[in-house]
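Only the coordinates and a few stated rules stand behind these numbers; no lab work does. As the structure is a prediction and not an experimental result, all values here were calculated from the model. Cβ placement follows ideal geometry from the backbone for every residue including glycine, while neighbour counts extend to all protein chains displayed.
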Amino acid sequence: MQTQKAWYERRQMKKIYSPLLEGLLALYLGFEWIQTNNILAPIITHGIYSAVILGHGLWKIHDHRRRLHQRIQRLELEGNDSDRK
């Protein structure tokens, strides 16, 4: 059961953002460029989007690693406690 949880957690870490979301962003940026007739507007929008997605992805990775480290420590402590008994 714990190996399944660890596998699922690693799988979730790899999925930082969806390719479908990237496709929708590209479509939106194309429409934004056509509407504004200014290439700078979609570049700025994409920069903001990338910063938000990257920041959230890095936060998720950090949070997953922290929880995984805590779980490993808890299991080691439980293992040490059972060895002493």
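Tabulated data
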{"quantity": "Per-pair calculated FRET efficiency, R0 = 25 Å: Arg65 and Leu21 via Cβ, rounded to 0.05", "calculated": "0.60"}
{"quantity": "Förster-model FRET efficiency, 30 Å R0, Arg74 and Ile53, C-beta, rounded to 0.05", "calculated": "0.45"}
{"quantity": "Cα-centred dipole magnitude for segment 41-85, charges only on beta-carbon of K, R (+1) and D, E (-1), debye, nearest 20", "calculated": "40"}
{"quantity": "Distance in nm between pseudo-label sites at Lys5 and Asn38 (7 Å out along the Cβ direction from Cα)", "calculated": "5.2"}
{"quantity": "Cα-based shape type of segment 41-85, given that a ≥ b ≥ c are square roots of the gyration tensor eigenvalues and the cut on a/c is 1.5", "calculated": "prolate"}
